[in-house]
Every structure is written in structure tokens, then in C-alpha cells.
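Below: the structure, in C-alpha cells.
The values are calculated or read from the model by the stated rules, or taken from the named source; none is laboratory data. Note that the structure is predicted; figures quoted are calculated from it, not measured. Methodologically, a virtual Cβ is constructed for each residue, glycine included, from the backbone with ideal geometry; neighbour enumeration extends over all protein chains shown. Note: accessible area is taken over every heavy atom of the protein model, side chains too, but ligands, DNA and RNA are not part of it. Shrake-Rupley method; radii C 1.70, N 1.55, O 1.52, S 1.80 Å.
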Amino acid sequence: MYLAFSCFLGLAKRGLVWIAIMYAHNFLGFATFGPTKDMCVGFGALSQLMAAWTIGGASPEMGWKWTKTILIMCAIPLQDLRDVPRDLKAGCWTTPMILGHQSATVRFYITAGIFVAQYRFITECILEQRDNAVGWVTSVVIAFMGLTVIVHLFADRSLHGDQISYRLYTVVFLAQIAAACVALKAH
């Protein structure tokens, strides 16, 4: 049904990519090993976001530019920090478990992903579209939100703290979508 609807929208390739990624993730065991899980989630989200840009009528170049800056695979393991006990029981080896979920290494890895994603999003998307007071205020808000996640990630290393860090990052992701609306309003 998904593929039929994708074909109806003229997105057969993106539909097939999504199906292949989800098949690998769910049935070939890619979900049980951190790096392959992260790639499946990242490329799956990329496929879906590019389809959304196409449906929305944006040019493929603009869609690719915004999508690649919103997604960064190094930040994906943040979601796995909140599930470590459950993943251990299920026999999954997520990136945080491989790097040591309580170690500074995994937190620096995630921090690098958040920092790179936020920097690229602010410089390549927001300020490139709106280099004015609105763009700068939006950029400062997004940067502050990203910094809040990073500080919390190191300040509270408990399972509950990791769950809060993940929720904060989902708020950042939603704020990026709102920032895209602000930045693209002039276009």
C-alpha cells in the first residue's frame, strides 16, 4: 500500500528506498547493531524528508540542502541513551553501548553531532535565507536550545537524565522546523 501511494505521488524511488531501509532495519538485524541502526534511521529519515520536500513543491536542491543540515547521524544515538537497559535485555548493541553509555566518549560523539548539525543549520539555512534581525534572533534561539541539550547531556548522566536530554533534543528538532518556516517565509 505504501509503495502504491508512493507511485501515485510520483515518488516510487523514494518509496522503494524507504521499504528497503525498513526491511534491513527490521528483518536483517540492522536494528541490533548501533552503527547500522543509526544509518538506517538517518537514511530512512532522509528519504522521508526528501519525499516531503518534493510533495511540498520545493526544488530538489533546496530540499537536499535543508534536509542534510537538519539530519546528522552522530546525534541519532541520543535516543539510544534512554533505552540502554531495554536494549541490553533485547540483545541490541547500540552506539552508546559500544562506546560506553556512561562514558564521556559517547557524550562527546553526540555533542559533536549536535554541534555540527546546529552550526550547519544556522549558517547554511537560516542566515543564508534571512541575514537580518529575524534570522539572527532565530539563530540565537536555536543555538541556545542546542547548547541546553549538550549541557544537560553532561550534567545528568542518569537514565532519567538521558530521557530528558532526548526530549529536549526532540524540541530542538521541532524548533528547527519552525525556524525553517521563519527563514523561508521571504521566499
Within segment 33-47, considering residues that are open to solvent by 60 Å² or more (accessible area, probe 1.4 Å) and in a helix (DSSP H, G or I), the one nearest to Leu88 (Cα to Cα)
Met39
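If a residue must be among the polar types (S, T, N, Q), assigned to a helix (DSSP H, G or I) and surrounded by fewer than 16 Cβ atoms within 10 Å (Cβ to Cβ), how many such residues does segment 141-187 contain?
First, the residues of segment 141-187 that are among the polar types (S, T, N, Q): 148, 158, 163, 165, 170, 176.
When the remaining residues are screened for being assigned to a helix (DSSP H, G or I), the result is 148, 163, 165, 170, 176.
Right, trim to surrounded by fewer than 16 Cβ atoms within 10 Å (Cβ to Cβ) and you get 148, 163, 170.
Summing the residues that are among the polar types (S, T, N, Q), assigned to a helix (DSSP H, G or I) and surrounded by fewer than 16 Cβ atoms within 10 Å (Cβ to Cβ) in segment 141-187 gives 3.
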What residue, of Gly100, Gly10, is on the phi > 0 side of the Ramachandran plot and either open to solvent by less than 30 Å² (accessible area, probe 1.4 Å) or among the acidic types (Asp, Glu) (or both)?
Gly100
Yes or no: Gly135 in a helix (DSSP H, G or I), at pLDDT 85 or above, closer than 14 Å to Leu78 by Cα and not hydrophobic (A, V, I, L, M, F, W, C)?
no
Among the residues of segment 3-18, which ones are part of a helix (DSSP H, G or I) and under 20 Å from Gly63 (Cβ atoms)?
Phe5, Ser6, Cys7, Phe8, Ala12, Lys13, Arg14, Gly15, Leu16, Val17, Trp18
In segment 68-76, is there at least one residue being out of contact with any Lys or Arg (no Cβ under 9 Å at 6 or more places or on another chain), modelled with pLDDT of 75 or more and surrounded by 15 or more Cβ atoms within 10 Å (Cβ to Cβ)?
no
Could you please let me know if Cys92 is touching a residue at least 40 places away in the same chain (Cβ under 8 Å) and of a type outside the set (Ser, Thr, Tyr)?
yes
Do the conditions hold for Ile55, that is, is it open to solvent by 40 Å² or more (accessible area, probe 1.4 Å), out of contact with any Cys (no Cβ under 9 Å at 6 or more places or on another chain) and touching a residue at least 60 places away in the same chain (Cβ under 8 Å)?
no
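Would you check if Thr111 is assigned to a helix (DSSP H, G or I), in contact with a helix residue (DSSP H, G or I) (Cβ under 9 Å, 6 or more places away or on another chain) and either of a type in the set (Gly, Ala, Ser) or within 27 Å of Gly34 (Cβ to Cβ) (or both)?
It is true that Thr111 is assigned to a helix (DSSP H, G or I), in contact with a helix residue (DSSP H, G or I) (Cβ under 9 Å, 6 or more places away or on another chain) and either of a type in the set (Gly, Ala, Ser) or within 27 Å of Gly34 (Cβ to Cβ) (or both).
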Within segment 105-114, identify whether any single residue is more than 14 Å from the chain's Cα centre (by Cα), open to solvent by less than 60 Å² (accessible area, probe 1.4 Å) and without any contact (Cβ under 8 Å) to a residue 40 or more places away in the chain, and answer yes or no.
yes
Given the criteria touching a helix residue (DSSP H, G or I) at 6+ places or on another chain (Cβ under 8 Å) and assigned to a helix (DSSP H, G or I), does Ala24 qualify?
yes
Considering only segment 115-127, state which residues are surrounded by fewer than 17 Cβ atoms within 10 Å (Cβ to Cβ) and touching a helix residue (DSSP H, G or I) at 6+ places or on another chain (Cβ under 8 Å).
Val116, Arg120, Glu124, Leu127
